[in-house]
Amino acid sequence: MKKNLKYNLVWLFIAAVAYAFIYVLYITGVITPFTEYTLIMIGINIMLALGLNLIIGFSGQFSLGHAGFMAIGAYSAAIMTVKYPTMGGFFSGILLGILLSGIVALLVGIPTLRLKGDYLAIATLGISEIIRIIIINMNDLTNGPAGIFGIPPMVSWPMVFGFVVIITLIIVNFIHSGPGRATMAIREDEIAAESMGVNTTKYKVAAFIIGAVTASVAGAIYSSYVQTIAPKDFGFMKSIDILIIVVFGGIGSVTGTFISAIVLGILNMFLQDAGALRMIIYALALIIIMIFKPGGLLGTWEFSAKKLFKQKEEKSNASIER
């Protein structure tokens, strides 16, 4: 317990340094409103990709339904904020989205996570589309295909940064906990894990719920920041965008997810002036990197506070021996 606290303090220290660096860029005018948009979108993508990486990279389940859970969070926050245009209304919308996405993930996860591979991907994609179609047909509540406009802006970059830190700590601590190790055992060999008494359905559903909840939070922040949402924003291609970040950074690497979201976010920013060629250049860059680094930018490598402490201990022990 004390060791986990020590590692969390290291992560918080790194987060504080990163916050201070961004703050300096703000007060010196380096970050403009345009780059602020990119910065906040990077933060939202990190939250989305962390949740999906937990499902794909650490529990070994291939999901294409992340956009559906993002839509639940986005519409929950948008409806509550429009009705109650205060921070209380916004945070109540986030909580509502967490509750709804958790319930949907539980109800959906128990039957569908018994599937594997392509069958699971198709099932989760179908669930995402069902969520989107339900939103389209709830005209009185969601304004149907037109979406919701004029959502009061409640999000700032410090808030996004705080949510990124909280979600990262939750996922990292889950991965290094007993349930997290059981989840990774299922990823490596589900039959062997089950034969050792691991309740595979329980841990797979737990990872699926956590991933769904993080997507819901990211969706809530997204809706408040862009102030306009529509069902088309949460289609199949949105799930693919999140999947690209996970694969590009390295499946099963939290550090890779961060680096991938930042690199792709900056790449998108510089390609804004390329017009119609932007997506072609973006796709070519992805293809080239995946050819030379098929395991992603970092593969399964992970920055770990535990490794840092071990290295320090080994160095101190070696100096004592000398």
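Here is a list: I251, I240, I191, I210. Which entry is touching a residue at least 40 places away in the same chain (Cβ under 8 Å), more than 25 Å from L95 (Cβ to Cβ) and in a helix (DSSP H, G or I)?
Result of the check over I251, I240, I191, I210: I240.
Any residue at all in the stretch 154-170 that is over 22 Å from the mean Cα position of the chain (by Cα) and not in a helix (DSSP H, G or I)? Spell out how you get there, then give the answer.
Here is the first cut: in the stretch 154-170, the residues over 22 Å from the mean Cα position of the chain (by Cα) are none.
Within the stretch 154-170 (the criterion being over 22 Å from the mean Cα position of the chain (by Cα) and not in a helix (DSSP H, G or I)), the answer is no, since none of the residues qualifies.
Is it the case that V263 is under 23 Å from I94 (Cβ atoms), out of contact with any Leu (no Cβ under 7 Å at 6 or more places or on another chain) and either assigned to a loop (DSSP other than H, G, I, E, B) or open to solvent by 10 Å² or more (accessible area, probe 1.4 Å) (or both)?
Judged against the criteria, V263 is not a match.
I need a count of the residues in the stretch 213-231 that are touching a strand residue (DSSP E or B) at 6+ places or on another chain (Cβ under 9 Å), open to solvent by 10 Å² or more (accessible area, probe 1.4 Å) and part of a helix (DSSP H, G or I).
Adding up the residues that qualify gives 1.
Of these, L48, L106, which one is touching a residue at least 40 places away in the same chain (Cβ under 8 Å), within 18 Å of F208 (Cα to Cα) and surrounded by fewer than 17 Cβ atoms within 10 Å (Cβ to Cβ)?
L106
Could you tell me whether any residue of the stretch 117-136 is assigned to a helix (DSSP H, G or I), closer than 22 Å to K204 by Cβ, among the polar types (S, T, N, Q) and open to solvent by less than 50 Å² (accessible area, probe 1.4 Å)?
Yes, the conditions are met somewhere in the stretch 117-136.
Among the listed residues S101, S92, identify the single one that is open to solvent by 20 Å² or more (accessible area, probe 1.4 Å), assigned to a helix (DSSP H, G or I) and either hydroxyl-bearing (S, T, Y) or not assigned by the TED database to the domain that holds N45 (or both). Before the answer, list the steps.
Values: S101 fails: open to solvent by 20 Å² or more (accessible area, probe 1.4 Å).
The match here is S92.
Could you tell me which of the residues I31, I79, I40 is among the hydrophobic types (A, V, I, L, M, F, W, C), farther than 30 Å from L115 by Cβ, open to solvent by less than 50 Å² (accessible area, probe 1.4 Å) and not in a helix (DSSP H, G or I)?
Exactly one of I31, I79, I40 is among the hydrophobic types (A, V, I, L, M, F, W, C), farther than 30 Å from L115 by Cβ, open to solvent by less than 50 Å² (accessible area, probe 1.4 Å) and not in a helix (DSSP H, G or I), namely I31.
I need every pair where a residue in the stretch 133-145 that is in the same structural domain as P231 (by the TED database) has its Cβ under 7 Å from the Cβ of a residue that is open to solvent by 40 Å² or more (accessible area, probe 1.4 Å) and of a type outside the set (A, V, I, L, M, F, W, C), sequence separation at least 6 or different chains.
Correct list of pairs: I136/P145.
Being open to solvent by 50 Å² or more (accessible area, probe 1.4 Å) and at pLDDT 90 or above is the filter here, so list the residues in the stretch 159-202 that pass it. Lay out the reasoning, then the answer.
Going through the stretch 159-202, the residues open to solvent by 50 Å² or more (accessible area, probe 1.4 Å) turn out to be 166, 170, 173, 176, 179, 181, 187-189, 191, 194-197, 199, 202.
Of everything in the stretch 159-202, those that are open to solvent by 50 Å² or more (accessible area, probe 1.4 Å) and at pLDDT 90 or above turn out to be I166, I170.
The values are calculated or read from the model by the stated rules, or taken from the named source; none is laboratory data. From a predicted model like this one, the values you see are computed outputs, not experimental measurements. We place every Cβ from the backbone using ideal geometry, glycine too, and count neighbours over all the protein chains shown. Please note that ligands, DNA and RNA were not included when accessible areas were found on the heavy atoms of the full protein model with its side chains. Shrake-Rupley method; radii C 1.70, N 1.55, O 1.52, S 1.80 Å.
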